[in-house]
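Single-structure report; data block below.
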Amino acid sequence: MSHTLAVLISGNGSNLQAIIDAIAEQRLNAHIAVVLSNNTTATGLGRAIKAGIPTITLDHRCWPDRESFDQEMIRELDRFAPDTLVLAGFMRILSGHFVGHYQGRLLNIHPSLLPRHRGLHTHRQALAAGDTEHGCSVHFVTEELDGGPVIAQSRISVSANDTEQTLSERVQAREHVLYPRVLQWRAEGRLSLKPQGVTLDDQILPTEGVRDAG
Ligand code: GRF
């Protein structure tokens, strides 16, 4: 039985597409059991449908609070018994209960070299800070927003001509390589979150994770 993924999206779903493609090209030994979106008009839903993947749309505005919405997501997602939950542009803060329920199985991709530039507008933040390098990080999710232990990063150099748009394009291209690669480590059973940190092949990774992995 191959590794079971559940992918959570809110928007375009280009990372979802990269994962779908990696599976089709046998670079990733996994299957996507379900794609869940909190946004009924997410472009990524069409990508899932085209690939024959079941979709669930839960409009968070229909629940009175974060806890009850997250509880509903858990109920829906657990029907698919996911080995790994993949946050791919899922634009909702998750409750402690949700994060705790999926502790060690919940991954996110963030468009910066964490711990630099948490939150939104990371390319703008990198330019404003005068960074000479930028990139993306895949990390395990903990209750701290964009604060969970980093698994791997991919970096690009920033030139004087770069704009938010050019950085966004170049970082996204790296995301599409990095995320499927990290998920393949999960699928191979090589990647875990342990009390002492992230382990890959039973070795504890440094705080920046695997450098230049994508
Ligand atoms: C990506 O930039 C990712 O790093 C961030 O949200 C964006 C999602 O893009 N978490 P897409 O929906 O996968 O195209």
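The values are calculated or read from the model by the stated rules, or taken from the named source; none is laboratory data. As the structure is a computational prediction, the values presented were derived from the model and not from experiment. Ideal geometry is used to build each Cβ from the backbone, glycine not excepted, and the neighbour counts take in all protein chains shown. These area figures cover heavy atoms from the full protein model, side chains too; ligands, DNA and RNA do not enter into them. Shrake-Rupley method; radii C 1.70, N 1.55, O 1.52, S 1.80 Å.
A few notes on this one:
- Once backbone amide H atoms are built at 1.01 Å from N, Asp146 has no partners under 5 Å, excluding neighbours fewer than 5 places away on the same chain.
- Per-residue HN-Hα couplings for segment 206-214 [Karplus 6.51, -1.76, 1.60; θ = phi - 60°; Hz; x = Gly/Pro]: x, 4, 7, x, 6, 6, 6, 8, x
- The stretch between Arg66 and Ser2, if pulled fully straight at 0.36 nm per residue, gains 19.8 nm over its current Cα-Cα span.
- Length available on full extension from Glu133 to Glu25: 0.36 nm per residue minus the Cα-Cα distance, which gives 35.8 nm.
- Folded to 0 to 90 degrees: helix 164-187 orientation relative to the chain principal axis, Cα: 50
- Between segment 82-116 and segment 33-68, the C-alpha centres lie 16 angstrom from each other.
- Assuming charge only on the beta carbon of Lys and Arg (+1) and of Asp and Glu (-1), the dipole of the chain about its Cα centre is about 240 debye to the nearest 20.
- For the chain, a Gaussian network of Cα nodes joined below 10 Å ranks Arg92, Arg116, Arg79 by mean-square fluctuation, and the top entry is Arg79.
- The chain, accessible surface, carbon-and-sulfur percent (1.4 angstrom probe): 49
- For segment 87-214, the Kirkwood radius over C-alpha pairs fed into Stokes-Einstein at 25 °C and 0.890 mPa s yields D = 165 µm² per second.
- Degrees separating the helix 66-78 axis from the principal Cα axis of the chain, which is the longest one: 70
- Here the chain has an Rg and Dmax of 16.5, 49 Å, counting Cα atoms alone.
- Charge dipole of the chain about the Cα centre (unit charges at C-beta), most positive-ward option of Asn39, Gly89, Thr55: Thr55
- Per residue, in Å², the accessible surface of segment 42-151 once ligands and nucleic acids are set aside, probe 1.4 Å: 47
- The relative contact order of the chain comes to 19 percent, based on Cα pairs under 8 Å that sit 6 or more residues apart.
- Whole-number percent relative contact order across segment 96-145, with pairs defined as alpha carbons under 8 Å at least 6 apart: 54
- Nearest 10 degrees, 0 to 90: helix 14-24 Cα axis against the chain principal axis: 70
- For the pair Thr57 and Thr207, label points projected 7 Å from Cα toward Cβ lie 4.3 nm apart.
- Each DSSP beta bridge with both residues in segment 3-204 is either parallel or antiparallel, and the antiparallel ones are about 50%.
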